[in-house]
Structures are given as structure tokens and as C-alpha cells.
Amino acid sequence: MNVTANDAILLAHATFGVLGTVSALWVFVETLNARDQNLQRIRTAALAVAIFMIAAWILGGYWYLHFYPVERAMILQGPWPFAHNVFMETKEHLFLMTLILSFYLPIAARDKLASSAAARRMVLCVAALIALSGLAIEGSGAVIDHGVKVALLRPSGAEIRK
Amino acid sequence: MSADSSRLGRASAAFGMAAAITTLFNTGLACVKDAYHPLTNLMNAIAGNNWTTQGLADVILFVGLGLTFSKTRMVQTIRPDRLIVFLAAAAVVSGVGLFAWYWVF
């Protein structure tokens, strides 16, 4: 088995992104039933969202700056250049929006969720936005990954592999 | 409905508005730097890469606006439902706007 730093960082980035997305869903479900007994759990989950997304940001940013340029060149020479031009460009900027919402979620979760319907609606809205944008970002990652794959598998892919 | 249930806390309202504005700023900056390369070059020079600079600018703007709105209490006068709709609309417009921008241009 030969797992390079490139592989490990990329997989860790995607893993933390998924954990952040799932944690946002956890916050959403807990907030639907917010009461005094589960307030601490909601706040812990909201903090977990922020921590997971920060980890995804740092790891993804490092990978993007140090390893992605090679893959970008492959994608742009391959049959799916839109995997970079549309999906990566959208993903890398959409993620910053998800990150800001993830910073905000623990702040919104500090509000009086058990007694304030408005505070609950805000947390539900932000958690849903994080979960949905997280899914869109994960899907974009799959398209980008496939963009590299089809570039390497096409008949002239051997030239790219060199 | 009690008065308590109809309001957001000060920090929640302030940073909610900050998040909405930062989201729109993020999309606007992505489009402008894509269209105006001197800005991209400037952002590359600031933090080594324009994406890094943009991320840091977003975080600084979010924190700065959030703290400012918290002190002024101005955002707390906005009805919570309007603020929630504004935040959701900003996120949807930003996401769809980014995809549309890179799809078209």
C-alpha cells in the first residue's frame, strides 16, 4: 500500500467535510425538538460543525495550493474541462460561504432555543443551508475527481500520465 | 406568542446579518476577481493565493461586521423572520450565482 501525503490530505479534507455536513443535520434534528434537556447537545453539535469545517478548510486549502495544480492541468487537457472551470471554481468559493455559516451556527445555537421560536427557526435555517451546501460541495468533489479519471482513461491519457 | 419567542438574541441577530452580507460579498468578490485580473494579482500578492486572501477577507468581514452590529444593536430592530429570509436568500443567490457565473463565463 502506498498512501502519499497527497492522498491522505485529500481524503481527510473530504472526511471532515462529510462530518461537518452530518453534524449540521444533527443540529437540525435536535433543534426540531429543542428543549432545556438537549440544549447542551445542540451547542456541542454546532461547535462540532464549526471545528469540522475549519479542519476541512485548512486541509483542503493546503491540498488545493500544493497538489491540485497537477490535477487541474490533467482536467483541462481532458474531455471534462468543466470539472475545473465550473465545478471546482464554484466549489472553492461556495465552501467559503459554508465556512462562514459554520462559524455562525454556534453563535446562533447560544440563543434561547427552548423559549424562542425565532431563535429555533434561525438555527434550523443555518443548519439546513450548511447541510445542503455541504452536499453540493461533496457532489462537486466527485465531479472533479471524475474529471481527472476521464482525462487519464482517454486514449491519449498516456501522454498526460507522462 | 410571548415577547421572548419573537426575538433573536443580540449576538444571533448581529452575526446573522454579518453572515448574510459576507455571503453576498464572497460571491461578488469571486466574480469581480475572475473578471478583473489586476485584482486577482493583488490578492495573490497579499496572502500568496487569491483564494487564501478571499477566505481571510471573508472571515475578517464576518467578525468585524458581527462585532459592529452587536455594539450598535441596529440589527435587533429587524424582524427575525425578515433576517432569516434575508440570510437564506443571500445563501441561495450566492450559491446559484457562483454556479451561473462560472457556467456562463
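The values are calculated or read from the model by the stated rules, or taken from the named source; none is laboratory data. Small disclaimer: the values here were computed from a predicted structure and weren't measured. Cβ: placed from backbone, ideal geometry, glycine included. Neighbour counts: every protein chain shown. The protein model used for the area step is the full one, side chains on, heavy atoms only, and it has no ligands, DNA or RNA in it. Shrake-Rupley method; radii C 1.70, N 1.55, O 1.52, S 1.80 Å.
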For this session: Would you mind computing the Rg to Rh ratio of chain B from its alpha-carbon coordinates, Kirkwood style for Rh?
Result: 1.08
Exercise. When you look at the Cβ of every residue in A:106-117, what mean number of other chain Cβ atoms sits within 10 Å?
Worked result: 5
Exercise. 222 nm [θ] for chain A, helices only, -39500 (n - 2.57) per DSSP H run of 4+, per residue, to 500?
Worked result: -27500 deg cm²/dmol
Exercise. Roughly how large, in nm² to one decimal, is the mean projection of the convex hull of the alpha-carbon atoms in segment A:11-101?
Worked result: 6.5
Exercise. Per residue and in cubic angstrom, what volume does the convex hull of the Cα atoms of segment A:38-86 have?
Worked result: 80
Exercise. How much of the accessible area of chain B, probe 1.4 Å, is carbon plus sulfur, in whole percent?
Worked result: 71
Problem set entry | Exposure rank, largest accessible area first [A:Asp7, A:Asp36, A:Asp111; 1.4 Å] | A:Asp36, A:Asp7, A:Asp111
Problem set entry | 222 nm mean residue ellipticity, helices alone, for chain B (DSSP H n ≥ 4; -39,500 (n - 2.57); rounded to 500) | -28000 deg cm²/dmol
For this session: Quick one: grab Rg to one decimal and Dmax as a whole number for the protein assembly as shown, Cα atoms only, in Å.
Result: 19.7, 69
Exercise. Do any residues of segment B:1-50 lose at least 50 Å² of accessible area when the full set of protein chains is present rather than just their chain alone, and if so which, with a 1.4 Å probe?
Worked result: B:Asp4, B:Ser5, B:Ser12
Problem set entry | Kirkwood Rh (inverse of mean 1/r, distinct Cα pairs), segment A:34-162, angstrom | 16.5
Problem set entry | Which of B:Val85, B:Thr40, B:Ala14, positive extreme of dipole for chain B (C-beta unit charges) | B:Ala14
Exercise. How would A:Trp80, B:Trp103, A:Trp57, A:Trp63 line up by accessible area, probe 1.4 Å, largest first?
Worked result: B:Trp103, A:Trp80, A:Trp57, A:Trp63
Exercise. What is the magnitude of the charge dipole of segment A:19-143 about its Cα centre, with +1 placed on the Cβ of each Lys and Arg, -1 on the Cβ of each Asp and Glu, and no other charges, expressed in debye to the nearest 20?
Worked result: 460
Problem set entry | Heavy-atom accessible area order for A:Lys149, B:Lys33, B:Lys71, largest first, 1.4 Å probe | B:Lys71, A:Lys149, B:Lys33
Problem set entry | Share of Cα-Cα pairs in segment A:84-132 lying beyond 12 Å, as whole percent | 64
For this session: Compare A:Arg72, A:Arg35, A:Arg120 in a GNM of chain A, Cα atoms joined below 10 Å, and give the one with the largest fluctuation.
Result: A:Arg35
Seminar exercise, completed: segment A:68-84 and segment B:30-70 have their Cα centres apart by a whole-number Å value of 25
Exercise. What is the packing order of peptides A:100-106, A:127-133, taking the mean over residues of other C-beta atoms within 10 Å and listing the highest first?
Worked result: A:100-106, A:127-133
